[in-house]
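> Handing you this structure, nothing more for now.
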Amino acid sequence: MSIVVTAATGHLGNLVIDELLQRVPADQVVAVARNAEKAAPIADRGVEVRIADYNDPAALAKAFGAGDTVLLISGLEPNRLDQHKSIIAIAKDAGVARIAYTGALGGPEADFDLAADHRATEQAILDSGLPYTFLRNGWYNEVYTDQIAVQLEHGVVGSAGDGRIGSAARRDYAAAAAVVLAGDGHEKKAYELNGDVAWTLTEYAAELARQSGKNVAYNNVPAETHLQILIGAGVPETFAPILVDVDAAIARGRLAGRGSDLSRLIGRPTTPIADSIAAALTD
Ligand SMILES: NC(=O)c1ccc[n+]([C@@H]2O[C@H](COP(=O)([O-])OP(=O)(O)OC[C@H]3O[C@@H](n4cnc5c(N)ncnc54)[C@H](OP(=O)(O)O)[C@@H]3O)[C@@H](O)[C@H]2O)c1
């Protein structure tokens, strides 16, 4: 009986492994990854690595065992819903004890395009009858701070208006996942995970300007202009409308937050956006 983490070599997966190793012995943790070379540092920490691509049911069938607790980290590829459904069926066949899933803030009420696969995945888990825990993650601070070099040059551009963003650091979400995987009492629970303090893009730009000493402002543009800017910056034409739709959801308050599940689970305040800006500026 192990705690099995899929997509373990991603940013979130690596942090979940790290947080788990602070709570349970390494021989209770299994990392599922598609790339053995990328997973080598995880294996070096004493964690068993099982190689399986989300598109490879035969390999996935060997990745899960009866009684395991599985964290399914949502994928990124266009067919991710089919991948998730296949993984859920395989986990069920393997007799796993519980599946946790990283979905989107709001769960079935998340009415933006990016959340559609998450809504459908949660439903597939419910339909499977597997014991579950839903980790409905809000935005990562890093979604914004990873763009700091561009923001310092061109300003912060979006179409989210004065909508508030209740983001938290990836590590905060990873810590919550580890708590839920390693602990009891999380069966049939859906956690709405977001930062303690929500902020607007105007406030974000002002904080970035303050910390960097540079002249940075938020330029709120119409949705169509935002779309053209994203495409011009190289965002794929299929994905750019999804990002513009996210900003519309932010403007409607959908990413502002739904309470304090995250800080309660991790037993500390979430990481303020200002701290993530500071960390990104010193990188
Ligand atoms: N809440 C948010 O703000 C936010 C932002 C971005 C993404 N997300 C979602 O949260 C997930 C985790 O975020 P992240 O920051 O860790 O993303 P990430 O660093 O891009 O990691 C994605 C992981 O998915 C794995 N993966 C993708 N396709 C796969 C496949 N076919 N088979 C096996 N593994 C596959 C990747 O494997 P490799 O390591 O081999 O590439 C990687 O480990 C994302 O996948 C996405 O669904 C949430």
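The values are calculated or read from the model by the stated rules, or taken from the named source; none is laboratory data. Remember, it's a predicted structure, so these values are computed and weren't measured experimentally. As a convention, Cβ positions derive from the backbone with ideal geometry for all residues, glycine included, and neighbour counts pool all protein chains shown. We work out accessible area using only protein heavy atoms, side chains counted, and drop any ligands, DNA or RNA first. Shrake-Rupley method; radii C 1.70, N 1.55, O 1.52, S 1.80 Å.
> Give the residue, chosen from 117, 111, 93, that is open to solvent by 10 Å² or more (accessible area, probe 1.4 Å), closer than 30 Å to residue 259 by Cα and either assigned to a helix (DSSP H, G or I) or modelled with pLDDT under 95 (or both).
117
> In this structure, does residue 282 turn out to be surrounded by fewer than 16 Cβ atoms within 10 Å (Cβ to Cβ) and β-branched (Val, Ile, Thr)?
yes
> Does any residue of the range 132-141 turn out to be modelled with pLDDT of 95 or more, open to solvent by 20 Å² or more (accessible area, probe 1.4 Å) and within 20 Å of residue 2 (Cα to Cα)?
There is at least one residue in the range 132-141 that is modelled with pLDDT of 95 or more, open to solvent by 20 Å² or more (accessible area, probe 1.4 Å) and within 20 Å of residue 2 (Cα to Cα).
> How many residues are polar (S, T, N, Q) and surrounded by fewer than 17 Cβ atoms within 10 Å (Cβ to Cβ) when one looks only at the range 71-90?
So the count comes out to 1.
> Based on what the data block shows, is residue 186 closer than 23 Å to residue 261 by Cβ and in contact with a Ser or Thr (Cβ under 9 Å, 6 or more places away or on another chain)?
yes
> Name the pairs whose Cβ atoms lie under 9 Å apart, with the first residue in the range 235-257 and more than 18 Å from residue 156 (Cβ to Cβ) and part of a helix (DSSP H, G or I), the second open to solvent by less than 20 Å² (accessible area, probe 1.4 Å) and not aliphatic (A, V, I, L, M), and 6 or more positions between them or separate chains?
242/112; 245/112
> Something else: Scan the range 160-179 and report the pairs whose first residue is closer than 22 Å to residue 248 by Cβ and whose second residue is basic (Lys, Arg) and open to solvent by 10 Å² or more (accessible area, probe 1.4 Å), with Cβ atoms within less than 9 Å and a gap of 6+ or a chain change.
Short answer, once both residue conditions are applied: 163/252; 163/254; 166/258.
> For the range 141-178, which positions are near the ligand (Cβ under 10 Å from one of its atoms) and under 25 Å from residue 88 (Cα atoms)?
Matches in the range 141-178: 170, 173, 174.
> Would you please name the residue that is most open to solvent (accessible area, probe 1.4 Å), looking only at residues in the range 28-62 that are assigned to a loop (DSSP other than H, G, I, E, B) and within 12 Å of the ligand (Cβ to nearest atom)?
34
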